[in-house]
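Asker: Quick one: the structure is below, questions incoming.
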Amino acid sequence: MERTNTKWIISNAIVMSLALFLAINTQSVFWLPLLAFSSFSYLFYSAYRSIPSSESINKLSSYANQITAFRFLLSALTALAVFQLPATISFCLFGFAILLDGLDGYLARKYKQASEIGALFDKTVDAYFVLMLSFILVVKYDVPFWFLGIGYLHYGYELLLLGLGWQDLVIPKNPIGKYIAALLFISVLSPFILPEYLYLLILYLAAILVSFSFGLSFFYKFKAASVKG
C-alpha cells in the first residue's frame with residue numbers, strides 16, 4: 001500500500017500541474033476541481049482493489065473520509081460559483097470547509113478509523129484547496145501572479161523530491177508546519193472580507209512563512225539523504 005500511495009502522490013502532482021496549466025490558459029477554475037476529483041477517485045479505486053479485508057474496506061468509507069469528501073465537494077462547488085456569489089457567501093462556504101478539517105481527524109481517532117489512505121486524502125485535499133483558492137485570488141482579486149507558486153508548492157515539492165530520489169526518505173515532523181498551514185488557510189480567505197492593503201499584507205506574510213516551512217522540510221530531506229548516502 002505504501003508504494004501504491006507513493007506512486008499516486010507523484011501522479012496526483014502531475015495531474016494537478018496539468019490542471020493548473022489548463023486553468024491559467026483558459027482563465028477558468030473549472031479544471032482544478034475536475035481533475036482533482038478524477039485523481040481522488042483513482043486513489044480510492046486503487047486502495048479498494050489492493051486491500052481485501054472488510055475491515056480495511058470499511059476504513060475507506062469511514063466518517064473521517066466522508067467528512068473530507070464533503071469538504072472537497074463543498075469547496076469545489078463553491079469555486080465553480082465563486083464569480084457569481086457575493087464575497088461574504090464565498091467566505092462562509094470556504095471557511096466552513098476549512099473548519100471541517102479538524103473534524104475528520106477527530107472522528108478518525110474517536111472511532112479508531114485512522115488509516116494511511118485517510119491521512120493522505122486529508123492532506124492532499126488541503127493542498128488542492130490552497131491551489132484552487134490561490135488561482136481564484138489571482139483572477140478575482142488581482143493578487144500577484146507569483147502567489148500561484150505558493151499554491152503550487154506542495155505539488156512542486158513532491159515532483160522535486162521525485163527528481164532527487166528523496167520521496168521515500170523519512171524525516172522528523174515539521175514542528176511549525178500545522179501553525180503555518182493554519183495561517184495559509186486564513187490568508188487565502190482574507191481577500192473575501194478584508195480591504196486590499198490588509199489582505200495583501202497577510203498573503204505576503206503567509207508566503208514567506210510557507211516558503212520557510214517547505215525549505216525546512218527540504219533541509220531535513222537533505223540531511224536524511226546525506227546520512228543514507
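Asker: Restricted to region 13-70, and to residues that are in a loop (DSSP other than H, G, I, E, B) and modelled with pLDDT of 85 or more, which residue is farthest from the chain's Cα centre (by Cα)?
Answerer: Let us first name the residues in region 13-70 that are in a loop (DSSP other than H, G, I, E, B), namely 27-30, 51-53, 61-62.
From what is left, the residues that are modelled with pLDDT of 85 or more are 27-30.
Values: Gln27: 21, Ser28: 19, Val29: 15, Phe30: 17 Å.
Of everything passing the filter in region 13-70, Gln27 is farthest from the chain's Cα centre (by Cα).
Asker: Given the options Leu194, Leu201, name the one that is over 21 Å from Tyr128 (Cα atoms), in a loop (DSSP other than H, G, I, E, B) and at pLDDT 95 or above.
Answerer: Numbers: Leu201 fails: in a loop (DSSP other than H, G, I, E, B).
Sole residue among the options that is over 21 Å from Tyr128 (Cα atoms), in a loop (DSSP other than H, G, I, E, B) and at pLDDT 95 or above: Leu194.
Asker: Within region 166-185, which residues are in contact (Cβ under 8 Å) with a residue 40 or more places away in the chain and either outside any helix (DSSP H, G or I) or closer than 16 Å to Lys228 by Cβ (or both)? Break it down stepwise before answering.
Answerer: Here is the first cut: in region 166-185, the ones in contact (Cβ under 8 Å) with a residue 40 or more places away in the chain are 166-172, 174, 176-177, 181, 184-185.
Result: Trp166, Gln167, Asp168, Leu169, Val170, Ile171, Pro172, Asn174, Ile176.
Asker: Right, another one. For region 174-184, how many residues meet the condition of being of a type outside the set (A, V, I, L, M) and either over 14 Å from Phe219 (Cβ atoms) or surrounded by 15 or more Cβ atoms within 10 Å (Cβ to Cβ) (or both)? Give the derivation first.
Answerer: Filtering region 174-184 for residues of a type outside the set (A, V, I, L, M) gives 174-175, 177-179.
Those still in the list that are either over 14 Å from Phe219 (Cβ atoms) or surrounded by 15 or more Cβ atoms within 10 Å (Cβ to Cβ) (or both) too: 174, 178-179.
Residues flagged as of a type outside the set (A, V, I, L, M) and either over 14 Å from Phe219 (Cβ atoms) or surrounded by 15 or more Cβ atoms within 10 Å (Cβ to Cβ) (or both) within region 174-184 amount to 3.
Rundown of residues vs (1) out of contact with any Gly (no Cβ under 7 Å at 6 or more places or on another chain); (2) over 30 Å from Ser90 (Cα atoms); (3) surrounded by 15 or more Cβ atoms within 10 Å (Cβ to Cβ), yes/no style:
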{"residue": "Leu161", "(1), (2), (3)": "yes, yes, yes"}
{"residue": "Gly165", "(1), (2), (3)": "yes, yes, no"}
{"residue": "Asp168", "(1), (2), (3)": "yes, yes, no"}
{"residue": "Ser190", "(1), (2), (3)": "yes, no, yes"}
{"residue": "Glu196", "(1), (2), (3)": "yes, no, no"}
{"residue": "Leu201", "(1), (2), (3)": "yes, no, no"}
{"residue": "Val210", "(1), (2), (3)": "yes, no, yes"}
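Asker: Something else: Can you name the number of the only condition in (1) over 24 Å from Tyr42 (Cα atoms); (2) modelled with pLDDT of 90 or more; (3) of a type in the set (D, E, K, R) that Asp126 fails?
Answerer: (1)
Asker: Now a separate question. Between a residue in region 205-220 that is in contact (Cβ under 8 Å) with a residue 60 or more places away in the chain and within 14 Å of Ala182 (Cα to Cα) and any residue that is surrounded by 17 or more Cβ atoms within 10 Å (Cβ to Cβ) and not β-branched (Val, Ile, Thr), which pairs come within a Cβ distance under 6 Å, given they are 6 or more apart or on different chains?
Answerer: Listed pairs, sorted by first residue: Val210/Leu184.
Asker: Restricting attention to region 78-114, which residues are surrounded by 20 or more Cβ atoms within 10 Å (Cβ to Cβ) and polar (S, T, N, Q)?
Answerer: Thr78, Ser90, listed by residue number.
Asker: Gln113 is checked against (1) out of contact with any Phe, Trp or Tyr (no Cβ under 9 Å at 6 or more places or on another chain); (2) at pLDDT below 95; (3) not in a helix (DSSP H, G or I) and fails just one. What number does that condition carry?
Answerer: (1)
The values are calculated or read from the model by the stated rules, or taken from the named source; none is laboratory data. Fair warning: this is a prediction, and the values are worked out from it, not measured in the lab. In this analysis, Cβ positions are derived from the backbone assuming ideal geometry, glycine residues included, and neighbour counts consider all displayed protein chains.
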